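Just below is one structure, and these are the notes that go with it.
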Amino acid sequence: MTPPRQKKPKNRIEQGRQEDTVTFQIEGPAVTDAFVLSIDITDDAAPDAARSAESRLSETVRLAEAIDLAIVGEAIVTLKKVRPSTLMGSGKVDEIGRKIKASQAQVVIVNAQLTPGQQRNLERAWHAKVLDRTGLILEIFGRRAQTREGALQVELAHLVYQKSRLVRSWTHLERQRGGSGFLGGPGETQLEADRRVIQSRITKLRKQLASVSKTRGLHRHARTRVPYPIVALVGYTNAGKSTLFNRLTGATVDARDLLFATLDPTMRQIELPKGGKAIMSDTVGFISDLPTTLVAAFRATLEEVVSADVILHVRDISHPETEAQSQDVHAVLDELGLDELRRDAMIEVWNKTDLLDPGHLQALIEKSQRATDCCLISAATGEGLDHLLECIQGRLTGPATEFRIDVPATAGADIAWLYEHGDVQSRDDHQDGSMHFRVKFSAAQVKKARQRFGDALRDAKDSEAIAAE
């Protein structure tokens, strides 16, 4: 019996509507040859002015390698002035074009933010696909996203970015299970129909991510009822966060020497040296000039950092531009709303000491001994992790504050909570069966105690002052 024929979609737009989710993957051959171009603008006010041109080129090459591009050529272009049409002058465009042709590269990675017009004009001049920095990072994030939440966040950022480039080509909906929108396909020419589809999808994604943010908020609220504080890892990509996470938690998070190896957040329990437990959260790494569309899309995920009890800023202290990387991390955290008050919860973790020469290491040891908010470690060898755990515990406990509270005899769960999460100083039993407690809470536990007991929890000093009056 002949099986019934499947009804084919009328066009690529209709075909795109048949799928609910998108997985961004590069179309075409397994390995694509790429030419990497780093733009060095000779202006102190330019983005990444604190970094050397060679360092920016090296980082861009590693970003390209993260999506399995084969680098067949690379160059640094120094510009005094940015041209609105092609970014660089016509002579330089022709010179780079000859190098691209000689290398036979199919893709050109430009380490700059290109306007749609600049991207289109360079593609025409070089007869190759052109990806700017934002497009490259979106490709990487599309490869790394494993959870549905991560895929939604990447897709939203991708659509917002691609919407302005419809005049060039639109391949995102040509084949939903493939096609990153950058490297493959002839594109859809029905621009108005595409824009309606894109905007509709953007609206739907924002609603779904708003629901994700609400769910995460409920999860955070639920965690306030348990004794475990949150310790969040942040840092520049490839600083060693996942290696440290695996060391402390026994997890097996991908910790390869690869930019953006971790994208989806992971949470695991850790044991503290003087007893007690905490939840450690591994988050996506940051990078210089991170696309604002990605920061916005991942806000729901990174809100875990803002609400954490302790924030570990992991730095690759062996990197020659570790200070510039640190500034980039703080810039993103500020954009997330991490004000100066939350900086008190931060500990700087100077990682990769095993890569330092003895002289540099000794200088850092002396510097760290004078500071109260940094720890020197090697996540790869385990050196310094005991001291780091002690720093975490010290930051969580902090100076204890004494409170008074009356608890009815029937509130057995509340009584057990006081003994488990606080340091009970005294207990007085009343004739009616209720109990009066004097209990000390650490800085990290005061917030949880107030959320549990509300106005019934009274500061001991205030209570004594009222009694004296």
For Asp429, are the conditions met, namely being at pLDDT 85 or above and not polar (S, T, N, Q)? yes
Of the residues in region 399-422, those that are among the acidic types (Asp, Glu) and either touching an Asp or Glu at 6+ places or on another chain (Cβ under 7 Å) or modelled with pLDDT of 80 or more (or both) come to Glu402, Asp406, Asp414
The residue that is farthest from Leu312 (Cα to Cα), considering only those in region 339-360 that are at pLDDT below 90 and touching a strand residue (DSSP E or B) at 6+ places or on another chain (Cβ under 8 Å), is Arg342
Among Thr266, Thr322, Thr262, Thr292, the single one that is of a type outside the set (Gly, Ala, Ser), modelled with pLDDT of 90 or more and not assigned by TED's automatic domain parsing to the domain that holds Lys447 is Thr322
Within region 204-237, residues farther than 17 Å from Val310 by Cα, basic (Lys, Arg) and modelled with pLDDT under 80 come out as Lys214, Arg216, Arg225
In the set Gly276, Gly240, Gly250, the lone residue that is at pLDDT 75 or above and within 30 Å of Gly359 (Cβ to Cβ) is Gly240
Requested in this report: Within region 412-419, identify whether any single residue is farther than 23 Å from Gly276 by Cα and either hydroxyl-bearing (Ser, Thr, Tyr) or not assigned by TED's automatic domain parsing to the domain that holds Ala345 (or both), and answer yes or no.
Outcome: no
Given the structure, is Lys447 exposed (fewer than 13 other Cβ atoms within 10 Å of the Cβ), among the basic types (Lys, Arg) and at pLDDT below 85?
-> no
Among helices (runs of 4 or more DSSP H) entirely inside region 59-149, those with 2 or more residues being at pLDDT below 90 and crowded, with 18+ Cβ neighbours inside 10 Å are 133-144
Okay, strands (runs of 3 or more DSSP E) sitting entirely in region 339-440 with 3 or more residues that are closer than 30 Å to Pro320 by Cβ, I get 346-351, 374-376
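The values are calculated or read from the model by the stated rules, or taken from the named source; none is laboratory data. Model, not experiment: these values are computed from the prediction. Note that we place each Cβ from the backbone using ideal geometry, even for glycine, and neighbour counts take in every protein chain shown.
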